[in-house]
Amino acid sequence: MTRVLTVGAAQMGPIQRSHTRRDVVERLVAHLREARRMGCDLVVFPELTLTTFFPRWWMAEQAEIDSFFEHEMPSNETAPLFNEARQLGLGFCLGYAELAKEGGEIRRFNTSILVDSDGSIVGKYRKIHLPGHSEHEPERPFQHLEKRYFEVGNLGFPVVRAFGANMGMCICNDRRWPETYRIMGLQNVEMVLLGYNTPIHNAPAPDHDEHSWFHNQLSMQAGAYQNGTWVVGVAKGGTEEGIPSLADSMIVAPSGKVVARAGGEGDELIVHRCDLDAGQSYKRSTFNFAVHRQPDQYRMIVERKGAADPS
Ligand code: ING
């Protein structure tokens, strides 16, 4: 019996600073309704879906910074999203800035949750690879202060059983690191859900700008193929607060092939019926880790004379 999961990648166009959470949730609910019409079981939203990408600004006041965080999930503003999804019988993956109270301390993470069709939160991930910088760098055309506003995620890369599959999550910059997919691949992940906010201009390496689309696709294709997993990558794209951001949301099969791709830069739902067993032929052959991986040999040989010193 083939296991099929119909997935909707719900790309968001720009969320400007003036847009309220209410405005955004209305757009997310519209995505859910279209997804139901398209026969989806699961809808994936981008990273930090509820607000504009605020790490682009230097802010000194913690109260202003915290205004971009969710202090509870669901909250009054996000409850309509949970209610609509439950009524439609849809699951969803949502990225947001999480302010958590843990062990008497306030913790702040760039977080993604997986919500089942009954509205229960069945998975949580906190972004590990935080790009950018932690101090104000006024010479930049815009900031990228994720290292200042978020802590490094402390949940690892969990793989949970949901929607009849082994589901994993990561967020944005995580998708560029092979470790991200391999840690989940070693847990037999069958579908990785991720959202991203990717400025097309990368101030530290402007020569990479023209390759933004290629690097986005390359990262997700490699992760999918090398671990025999589906990868669903969902953008918040378009020009947000004057910053051109990559759209190009896509669904990548375990073969590495892109099977669905957004055409525009605005709110756009792309849908694919994903065969959850499509990764098996890769996991059982080329990427049969038990047969072919040699973890005992994976170490850096730095004492050998003349070997290039790893930087
Ligand atoms: N954004 C970007 C990303 O990894 C970036 C940061 C941009 C890194 C361009 C490298 C090149 O897609 C987030 N939010 O991680």
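Structure summary
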read-out: Total charge dipole magnitude, segment 209-311, about the Cα centre, Cβ charges on Lys, Arg, Asp, Glu only, Debye to nearest 20; value: 780
read-out: Gain on full stretching of the segment that runs from Arg140 to Leu218 - 0.36 nm per residue minus C-alpha separation; value: 25.4 nm
read-out: Value in Å of the Kirkwood radius, where segment 180-241 supplies the Cα pairs that are averaged; value: 12.9
read-out: Pairwise FRET efficiency - Thr6 versus Ala60, Cβ, R0 = 35 Å, nearest 0.05; value: 0.15
read-out: Environment charge at Met73 (Cβ cut-off 11 Å; Lys +1, Arg +1, Asp -1, Glu -1); value: -3
read-out: Heavy-atom accessible surface of segment 4-305: percent carbon and sulfur, 1.4 Å; value: 51
read-out: In Hz, Karplus ³J(HN,Hα) per residue of segment 278-287 (6.51, -1.76, 1.60; θ = phi - 60°; x = Gly, Pro); value: 5, x, 4, 5, 7, 5, 9, 10, 3, 10
read-out: Test item: Cα-centred dipole of segment 167-213, Lys/Arg +1 and Asp/Glu -1 on Cβ, debye; value: 180
read-out: Surface accessible to a 1.4 Å probe, per residue, for the residues of the chain, Å²; value: 45
read-out: For segment 1-153: rounded, prolate or oblate by the Cα gyration tensor [a/c cutoff 1.5]; value: prolate
read-out: Positive-end residue, the chain charge dipole about Cα centroid, Cβ charges, pick of Leu81, Met169, His129; value: Met169
read-out: Whole-Hz couplings from phi, Karplus 6.51/-1.76/1.60, listed for segment 265-275; x for Gly and Pro; value: 10, x, 5, 8, 9, 10, 10, 8, 7, 8, 7
read-out: Amide H contacts under 5 Å for Met169, placed H, 5+ residues apart; value: Leu193
read-out: Spin-label pair Arg284/Glu77, simplified geometry with 7 Å Cα→Cβ offset, distance in nm; value: 4.8
read-out: Estimated dipole of segment 1-147 in Debye, rounded to 20 [Cβ of Lys and Arg +1, of Asp and Glu -1, Cα centre]; value: 460
read-out: For the chain, convex hull volume per residue from C-alpha positions, Å³; value: 160
read-out: Fluctuation leader among Arg126, Arg56, Arg107 - the chain, Gaussian network, Cα springs under 10 angstrom; value: Arg107
read-out: Inter-part distance where segment 105-142 and segment 179-243 are each reduced to a Cα centre, Å; value: 15
read-out: Table column - 3J(HN,Hα) (Hz), segment 114-130, Karplus curve with 6.51, -1.76, 1.60, x for Gly and Pro; value: 10, 10, 6, 5, 8, x, 7, 7, 9, x, 9, 9, 10, 3, 9, 8, 8
read-out: For segment 6-88, fraction of C-alpha pairs farther apart than 18 Å, in %; value: 46
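The values are calculated or read from the model by the stated rules, or taken from the named source; none is laboratory data. What you see is a predicted model; the values in this text were computed from it and never measured. In this analysis, Cβ positions are derived from the backbone assuming ideal geometry, glycine residues included, and neighbour counts consider all displayed protein chains. Please note that ligands, DNA and RNA were not included when accessible areas were found on the heavy atoms of the full protein model with its side chains. Shrake-Rupley method; radii C 1.70, N 1.55, O 1.52, S 1.80 Å.
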